[in-house]
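What follows is a set of notes on a single structure, which appears directly below.
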Amino acid sequence: MKTAEIIVVGAGVVGSAIAFGLAGKGHEVLVIDGESADFRASRANFGLIWTQSKGDGFPAYQDITHGSAANWADFAGRIREISRLPLTVEQKGGLVYCLGQGEWDATRARNNRLAGQQAGRQADTEMLDRAELDRLLPEVRLGEEVVGASFGLADGHANPLELLSCLHLAIARLGSSIRFQAPVLDLRPTGRGFEVETPKETFGCGRIVLAAGLSNTGLAAALGMNVPLEPQRGQILVTERLRPLLPLPASGLRQTGEGTVMIGATQEDVGFDTGTTARAASRLASRATRIAPALKEATIVRQWSGLRILSPDRAPVYVQSAQYPGAFAASCHSGVTLAAFHAGAFADAISEGDLAKDFSAFAPERFDVQKCA
């Protein structure tokens, strides 16, 4: 039986960032990943590094989001250095476009509310009216309905496929390893730690971190942890490659380095259905062309959907098993934004073997409090 010091279950962006951080601290890490057909949040990943709107009413979530965004440049530099692969990242700010006065008023109210919850931290969003927005984007022809936008100074975007490739290679270069096509069949505690059974091999470890997306609920229960999660379908459209059109990423609209424009994403509570619909495509295209009329001439070359990972309050769940203290779980829907945090402060806590001090706000017991309230 192959053994490792720490096993991370899940080789998506969340699990790989955690494994990268642990490997960088000298731990021997084995990452175990499931089947290609598994429900994967990365399939609905928009690639944003985003602080706007995150953590309304949840200051601890705001803190880790802002901290991760601030550390992203250093994080990306370290990944590039170790993997020796390109990683496209820009953090020049991001926009939430407002179509009409109602959206403007709601967005401004949300920004003011979030700023009031950020004690000791300078607000990093500002509202730009149409004239200010036109000065910021002098070469962009915006639709007549755009009355302005919220501008997030810390926001940006990254290529999520490059990020995942860099993380996987960096983990290997740091002396750890990944097993793909190895779905977990059984997970059990032992006197020495834990055993993970897959179709071809059984692995042993002293500590285990569950970062398996929607599968975390069932896996965590086997180790005495409650991780309540639900899926939310997000559909995305992708255009043909276009000339430079959108210099800054926006919520639901960004142009990639290759020139394609990503348009998204829906928020649908349809269980585990990963299908795509013409109705969603029409709704997404309509809003995008109201913002940037030039997109009316673009050809849609792809439509796909994936399942986001949401807790009852949409914030991350970080938990350590009280029954088996060597077991941990991490679940969130902001894998790219929080990647620097997962590779940094969260990996540090796993390395030290204790989540209690700094992560209590993210424990699942908060949902029991909400139910009682």
How much of the accessible area of region 13-145, in percent, comes from carbon and sulfur atoms when a 1.4 Å probe is used?
-> 47
Using only the alpha carbons of the chain, determine the length spanned along each of the three principal axes and report them from longest to shortest in whole angstroms.
-> 66, 44, 40
Estimated FRET transfer efficiency (Leu85, Asp354; beta-carbon r; R0 45 Å; 0.05) | 0.85
Dipole axis of the chain (+1 Lys, Arg; -1 Asp, Glu on Cβ), positive-most option in Gln232, Leu114, Ser321 | Gln232
Rounded to a whole number, what is D in µm²/s for region 236-277 from Stokes-Einstein with the Kirkwood radius over alpha-carbon pairs (4 °C, 1.567 mPa s)?
-> 112
At 1.4 Å probe size, with every protein chain present, just tell me what the per residue accessible area of the chain comes to in Å².
-> 44
Taking every DSSP beta bridge that has both residues in the chain, what percent is antiparallel when rounded to the nearest 5?
-> 70
Roughly speaking, what is the stretch gain from Met1 to Asn71, that is 0.36 nm per residue apart minus the C-alpha to C-alpha distance, in nm to one decimal?
-> 21.4 nm
Using only alpha carbon positions, build the gyration tensor of region 257-373, then give the equivalent ellipsoid semi-axes as the square roots of 5 times its eigenvalues, largest first, whole angstrom.
-> 38, 18, 12
Projected area averaged over orientations for region 158-260, convex hull of C-alpha atoms, nm² | 9.8
Just by accessible area at a 1.4 angstrom probe, what is the order of Val184, Val238 from largest to smallest?
-> Val184, Val238
So the FRET efficiency between Gln101 and Leu136, C-beta based with R0 = 25 Å and rounded to 0.05, is 0.80
When the Karplus curve 6.51 cos²θ - 1.76 cosθ + 1.60 is applied with θ = phi - 60°, which whole-Hz ³J(HN,Hα) does each residue of region 323-338 get, with x for Gly and Pro?
-> 6, 10, x, x, 10, 9, 9, 9, 9, 6, 10, 10, x, 6, 4, 8
Return, for the Cα atoms of region 2-144, the radius of gyration and Dmax in Å, separated by a comma.
-> 19.5, 63
Can you name the helices of the chain, as whole DSSP H runs, whose Cα span along the helix axis is 15 Å or more and whose Kyte-Doolittle mean is not below -1.0?
-> 13-24, 59-83, 160-173, 278-291
Enter the Cα centre distance for the pair region 44-80 and region 266-343, rounded to the nearest angstrom.
-> 15
For region 69-160, what is one quarter of the convex hull surface built on the Cα atoms, given in nm²?
-> 7.6
Whose amide H sits under 5 Å from the amide H of Thr3, counting only residues 5 or more places off or on another chain, with H placed in the peptide plane?
-> Gly204
Using a 1.4 Å probe on the protein chains only, how many percent of the accessible area of region 190-330 belongs to carbon and sulfur?
-> 48
At Thr299 and Thr202, where each label point lies 7 Å from the Cα along Cα→Cβ, what is the point-to-point distance in nanometres?
-> 5.5
Cross-link table Lys54/Lys296; Lys25/Lys54; Lys25/Lys357, entries beyond 25 Å C-alpha to C-alpha | Lys54/Lys296; Lys25/Lys54
Spin-label point model (7 Å from Cα, Cβ direction): what's the Glu230 to Arg283 distance in nm?
-> 1.6
For region 259-310, the Cα-Cα pair-distance distribution in 5 Å bins from 0, as whole percents, is 4, 17, 31, 21, 14, 9, 3, 0
Once the mean of 1/r over all distinct C-alpha pairs in region 84-212 is inverted, the Kirkwood radius in Å reads 19.4
re region 55-110: pairs of Cα atoms spaced beyond 16 Å account for a percent value of 64
Estimated 222 nm signal from helices in the chain, with DSSP H stretches of n ≥ 4 weighted -39500 (n - 2.57), rounded to 500 | -9000 deg cm²/dmol
Give me the Kirkwood hydrodynamic radius of region 316-373, using the inverse of the mean 1/r over all pairs of distinct Cα atoms, in Å to one decimal.
-> 12.2
Could you pull out every residue, at least 5 positions away or on a different chain, whose amide H is within less than 5 Å of the one on Leu310? Hs are placed 1.01 Å off N in the peptide plane, and Pro or chain starts have none.
-> Glu230, Gln232
Förster radius 56 Å - calculated FRET efficiency between Arg243 and Lys25 (Cβ-Cβ, nearest 0.05) = 0.80
For Ile49, distant residues with modelled amide H under 5 Å away = Gly156, His157, Ala158
Difference of contour (0.36 nm per residue) and Cα-Cα distance, Ser53 to Gln181 = 42.5 nm
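The values are calculated or read from the model by the stated rules, or taken from the named source; none is laboratory data. Since we're looking at a predicted model, the values are computed, not measured. All Cβ positions, even for glycine, are placed from backbone atoms using ideal geometry, and neighbour counts span all protein chains on display. The area values use the complete protein model at the heavy-atom level, side chains included, leaving out ligands, DNA and RNA. Shrake-Rupley method; radii C 1.70, N 1.55, O 1.52, S 1.80 Å.
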